[in-house]
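This report concerns only the one structure given below.
Every read-out reported here was derived from the displayed coordinates using simple, explicitly stated rules and does not represent laboratory data. Owing to the predicted nature of the structure, the values given are computational and were not obtained by experimental measurement. Here the Cβ is made from the backbone with ideal geometry for all residues, glycine too, and neighbour counts use every protein chain on show.
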């Protein structure tokens, strides 16, 4: 094997997703992932701490993107508008990775441990969004409510988007899900 291969992380991720789909997460080893990617186990561990990290390695980047979009929203934006801007920014990134996002979601849905890890990730994202809103001067409970609602919209929109066959833009599904939430809350006030 060559000492250096381009896109090792991407090759490992694609190999892992393929094997998880074929054999299941539990029945796939790091050695098999590395072999499928044409790399060594040592290379795998340079990129990922364990085989779960193949599915969750981008969480920190996603959090930075969301928090940065909240910070970059116009000062006049309402808390919910700032969260919406953040979700739409994330939607742009996910749009480019639709098929791998779909494969990832299937693997996570099939494993209780991974579903728990995904919920922890979403809770961390909600906390980071709330902190971003607080830095904008939004007090609690408004900051927490907007952040939690935003993550709920993100979760529902993501699940709808990866399961769709008509290939709409993720940001469009986010806006539709947010509109549905607004309609439900407007009904509650009536």
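Springs between Cα atoms under 10 Å define the GNM used for the chain, and in it the highest mean-square fluctuation of 85, 15, 77 occurs at 77. Within the listed set 105, 63, 172, the Gaussian network model of the chain (springs between alpha-carbon atoms below 10 Å) gives the highest mean-square fluctuation for 172. Stretching residue 22 away from residue 115 to a fully extended chain increases their span by 31.6 nm, per 0.36 nm per residue minus the current alpha-carbon distance. Taking every C-alpha pair closer than 8 Å and separated by at least 6 residues, the mean separation divided by the residue count of the chain gives a relative contact order of 20 percent. If the segment from residue 50 to residue 169 were pulled out straight at 0.36 nm per residue, it would be longer than the present Cα-Cα gap by 39.7 nm. Placing a pseudo-label 7 Å from each Cα along the Cα-to-Cβ vector at residue 40 and residue 187 gives an inter-label distance of 6.0 nm.
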